[in-house]
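The values are calculated or read from the model by the stated rules, or taken from the named source; none is laboratory data. Just so we're clear, the structure is a prediction, and the values are computed from it rather than from any experiment. When we count neighbours, we look across all protein chains shown, and the Cβ atoms used for this are built from the backbone with ideal geometry, even at glycine. Surface areas here come from the heavy atoms of the whole protein model, side chains and all, with no ligands, DNA or RNA. Shrake-Rupley method; radii C 1.70, N 1.55, O 1.52, S 1.80 Å.
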Amino acid sequence: MPLALLALAVSAFGIGTTEFVMMGLLPNVAGDLGTSVPTAGYLVSAYALGVVIGAPLLTALGSRIPRKRMLLLLMAVFTVGNLASALAPNFGLLIAGRLLAGLPHGAFFGVGAVVAARLVKEGRQARAVATMFLGLTVANIVGVPAATLLGQHLGWRATFLVVAAIGLVAMAALARLVPHMPHEERGGVAREIRAMGNRQVVLGLVTAVFGFAGVFAVYSYLASMMTEVSGFAEASVPLVLALFGAGMTLGALAAGPLTDRALRPTLYGALGALAVTLVVFNYAVHVKWAALVCVVILGAVGFMTTTPLQMLVMKKAQHAPTLASASNHSAFNLANAGGAWIGGVAIAAGWGWTSPALVGAVLAVVGLGIAVAAGLLDRGGSASSRIVASSEYADGAPAELPDRVS
């Protein structure tokens, strides 16, 4: 694998750390800024809103900027956003800092996925994309727990200063390791928007919203489930979250080669396994060892859906994959917000702490149904579903992502 993928993974590590660390720092931030924990929760929503807005907006604005330069600009915005969060004197400006830090998230992963696919030979594109996403999963094993401990001992501002420093390291790695890519005629914003009109792209995004919402219906309340139902002490929660991150990493490692071999079957299998795991989790959470096993499996099968969905929208967006690729991350963040909301509604209705698991299973089944329907509609599709992934940096002839996705 090219070293450029390491630079993308380091960037993903920083992005993953700042995305999830706020959940563990809410009490610290609330106490320091004189607000309640529920109000401080808007800081999580502000980041997600930044992702949803920034993915299509920044991708469209940067449609004619060479991709290496675009990656550097996006990581610069990320770094500034985290620095602004660290220095924010009040809650309102911290909200603004979090929104700014979230803006480049989706656009970075969208552009980064296209760059990763261009760096390798045909048949290894999904593995390249999964390698970039490993940075995001490792952030949940190492970055988030370490940053949470740092914030608890040195203050939450120190956490965002360190994340900003990671952003600077990532920029240096991108500048040094990502090769210059000759300017290509990409057709600008109009072509990217037309590609978004592809029915398979739309169905892929809707699949991401419903399927991944099943994961976040549980993940958002995982700490409470572990303490209130499984009987773990609060001090054990970081370990539980690290196990979830370990599962995510295993899922990312498996998803790459499986997606390269058979995209749609990998997606169907991951969504089906997710639904089953969520149902089992509803009962296993009452037994400590079984709960921990299910946490790892949940992270693995949940994250196994990301690579095939990412590759699917890239393939179906024809010769303008960047906006579709970035919008996929808007879909994932809508799943984040929607899953957390629906899970909260179930708990508030008096259905119990484990009810988000069953609600999540229903969402995963809906996602699977949409994915299967999309696959049936796509049978016998024409070569118009192909996108170019030619690269002067892969050995041999220019590579092209195949149109066969089943």
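Normalising the Debye intensity of region 1-84 to I(0), with uniform scatterers on Cα atoms only, and taking log10 at q = 0.11, 0.14 Å⁻¹ returns -0.40, -0.61. Ordering 305, 148, 17 by Cα displacement along the dipole of the chain toward the positive end leaves 305 in first place; charges were set at the Cβ atoms of Lys, Arg (+1) and Asp, Glu (-1). As a size descriptor, the averaged projected area of the C-alpha convex hull of region 127-261 was calculated at 11.9 nm². When the accessible area of the chain is split by element with a 1.4 Å probe, what percent falls to carbon and sulfur? It is 69 percent, rounded to a whole number.
Please identify the helices of the chain, taking whole runs of DSSP H, that span at least 18 Å along their own axis as judged from the Cα atoms and have a mean Kyte-Doolittle score of 1.6 or higher.
Values: long enough: 4-33 (41 Å, 1.41); 42-61 (27 Å, 1.84); 67-87 (30 Å, 1.19); 91-118 (42 Å, 1.40); 125-138 (20 Å, 1.16); 156-177 (32 Å, 1.75); 199-219 (30 Å, 1.69); 237-261 (37 Å, 1.23); 263-284 (31 Å, 1.24); 288-303 (23 Å, 2.12); 321-348 (40 Å, 0.61); 355-378 (35 Å, 1.99).
The answer, listed by residue number, is 42-61, 156-177, 199-219, 288-303, 355-378.
Here is how the number arises for the chain: DSSP H runs of 4 or more residues each give -39500 (n - 2.57), the sum is divided by the residue count, and the result at 222 nm is -26000 deg cm²/dmol.
Cα-Cα pairs above 25 Å in region 192-329: how many percent?
Numbers: 3061 of 9453 pairs.
Roughly 32 percent, once rounded to a whole number.
What is the magnitude of the charge dipole of the chain about its Cα centre, with +1 placed on the Cβ of each Lys and Arg, -1 on the Cβ of each Asp and Glu, and no other charges, expressed in debye to the nearest 20? Before the final figure, lay out each step's value.
On the way: 23 positive and 14 negative charges, 160 e Å.
The calculated dipole for the chain is roughly 780 debye.
Diffusion coefficient (Stokes-Einstein, Kirkwood radius over C-alpha pairs, 37 °C, 0.692 mPa s) for region 59-115: 279 µm²/s, rounded to a whole number.
Per residue, region 250-293 exposes an accessible area of 44 Å² to a 1.4 Å probe, with every protein chain left in place. Largest mean-square fluctuation among 233, 364, 246, in a Gaussian network model of the chain whose springs join Cα atoms under 10 Å apart, belongs to 233.
GNM on the chain, alpha-carbon springs under 10 angstrom: the most fluctuating residue among 236, 45, 220 is 236.
Using 1/(1 + (r/R0)^6) with R0 = 56 angstrom and r between the beta carbons of residue 87 and residue 289, what's the FRET efficiency to the nearest 0.05? Could you put the intermediate results ahead of the total?
Values: r = 44 Å, r/R0 = 0.79.
Taking R0 as 56 Å, the efficiency between residue 87 and residue 289 is 0.80.
Taking the solvent-accessible surface of protein heavy atoms with a 1.4 Å probe, what is the per residue accessible area of region 1-114 in Å²? Value returned for region 1-114: 34 Å² of accessible area per residue. Springs between Cα atoms under 10 Å define the GNM used for the chain, and in it the highest mean-square fluctuation of 330, 224, 36 occurs at 36.
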